[in-house]
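The structure under discussion appears below in the form of structure tokens.
The values are calculated or read from the model by the stated rules, or taken from the named source; none is laboratory data. Given the structure is predicted, the values throughout are model-derived calculations rather than measurements. Note that each Cβ is placed from the backbone with ideal geometry, even for glycine, and that neighbours are counted across all protein chains shown. These accessible areas exclude ligands, DNA and RNA; they are computed on the full protein's heavy atoms, side chains included. Shrake-Rupley method; radii C 1.70, N 1.55, O 1.52, S 1.80 Å.
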Amino acid sequence: MDVWESHFTHSDNEVFWVRDLKLQKMIYVSDAYEIIWGDSLKNIYNDASRFVKFIHPDDVDRVKSSMLNSQTLGGFSDEYRIVRPDGEIRWIYARSFPVLNAEGEVYRIAGKAEDITERKMNEQKRLLFEREQKETLVREVHHRIKNNLQGIIGLLRQQLGSYSELEDVLCRVISQVQSIAMIHGLQGQSQLVYLCEIVQAIGLAITNLYAHRSKIDIRIESDKPVLLGEEDAVPIALIINELLTNAVKHGLKNSAEPVRLELHSDGCNAEIKVWNRFANNTVNQPNANPGKGSGLGLIKSLMPYKGARLVFDKRNGNFEVELKLESPVTQPKVSGMREPSLD
């Protein structure tokens, strides 16, 4: 038995090794190397750095850097993946420490490499289970919020016929609550939501709510959809709702030309345009100074700090407002995510 073997407990799950710094050769490697790495002991004895070729491509630069630093710091500890000759991927937890000679100089490096694949797989299963549980809970919360908001919408609608003098106020509140409820409904399916679905849902809701006042032409380009994150979905929905509501309320009543709602996106950025023929469109005018909580004041308070801006154009009796969205408000379509539904 080699003198080094007497110092180590043999295990098929752990590789013990000792390398001579001066000779740059392995002077001891335990048999488990062949089991874990799928490589022969002869190869590693002939080339002490051979194990590096098995490190996973995504981990190799980090591990090499860590090993280089360990030469000056005196120790190494890291987790990384290896790719065996048969293609199987295994997780390794490797540690090393310096061995001093009689003069107190480091002349050898000893270490242990443990196969932790089973532990890693169990950890990944646990994290996946916890993520699924969290997503289920989040979906349930969104679903309940949506249902509660729809109950509020129903109560508000009941008041429309009773208080004609409050019709405009009630319609505005209903449309705002509808927009929030719609977002929670979509987030009940996925925390990331398609902008095209938001635009269409708001456009149809305002169409139904103000059918007696104006027609709305909804044009959505969805070939290259973009997504909105959880933080921005509700504010953007309320902004779109407010712009479209203003266009309907302050446009020419029963005009032959309908209010237009358009969405164009290129997979990264998006432009939402609201166009109408105006009568006395003071609320939407960029130079107006509306009160807080209404019209442009509400829109400005909802605008994200980055990734969103408004452009106004008023000429020849037409009024157009364009909401331009980009990263970080917009996000590209996620691989594997469901396709947008525009029924």
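Structure above, values below:
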{"read-out": "Neighbours by Cβ (under 8 Å, 6+ apart or cross-chain): first from region 311-337, modelled with pLDDT of 90 or more and part of a strand (DSSP E or B); second of a type in the set (Asp, Glu) and open to solvent by 60 Å² or more (accessible area, probe 1.4 Å)", "value": "Glu322/Glu271; Leu323/Glu271; Lys324/Glu271; Leu325/Glu271"}
{"read-out": "Residue that is under 16 Å from Asn246 (Cβ atoms) and touching a strand residue (DSSP E or B) at 6+ places or on another chain (Cβ under 7 Å), where the choices are Ile216, Ile174", "value": "Ile216"}
{"read-out": "Residue match in region 210-217 (condition: at pLDDT 85 or above, open to solvent by 20 Å² or more (accessible area, probe 1.4 Å) and more than 24 Å from the chain's Cα centre (by Cα))", "value": "yes"}
{"read-out": "Within region 1-94, helices (runs of 4 or more DSSP H) holding 1 or more residues that are at pLDDT below 85", "value": "60-73"}
{"read-out": "Any pair with Cβ under 6 angstrom, 6 or more apart, that starts in region 192-220 at a residue that is free of Cβ contacts under 8 Å to residues at least 40 places away in the same chain and ends at one that is assigned to a helix (DSSP H, G or I) and open to solvent by 10 Å² or more (accessible area, probe 1.4 Å)", "value": "Ala201/Met182; Ala205/Gln178"}
{"read-out": "Qualifying residue in region 117-132 (condition: within 36 Å of the chain's Cα centre (by Cα), at pLDDT below 75, in a helix (DSSP H, G or I) and over 30 Å from Tyr33 (Cα atoms))", "value": "yes"}
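Condition check ((1) over 23 Å from Pro235 (Cβ atoms); (2) open to solvent by 70 Å² or more (accessible area, probe 1.4 Å); (3) modelled with pLDDT of 80 or more; (4) not basic (Lys, Arg)) across all residues:
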position	(1), (2), (3), (4)
Leu252	yes, yes, no, yes
Ile272	no, no, yes, yes
Phe278	yes, no, no, yes
Asn289	no, yes, no, yes
Gly307	no, no, yes, yes
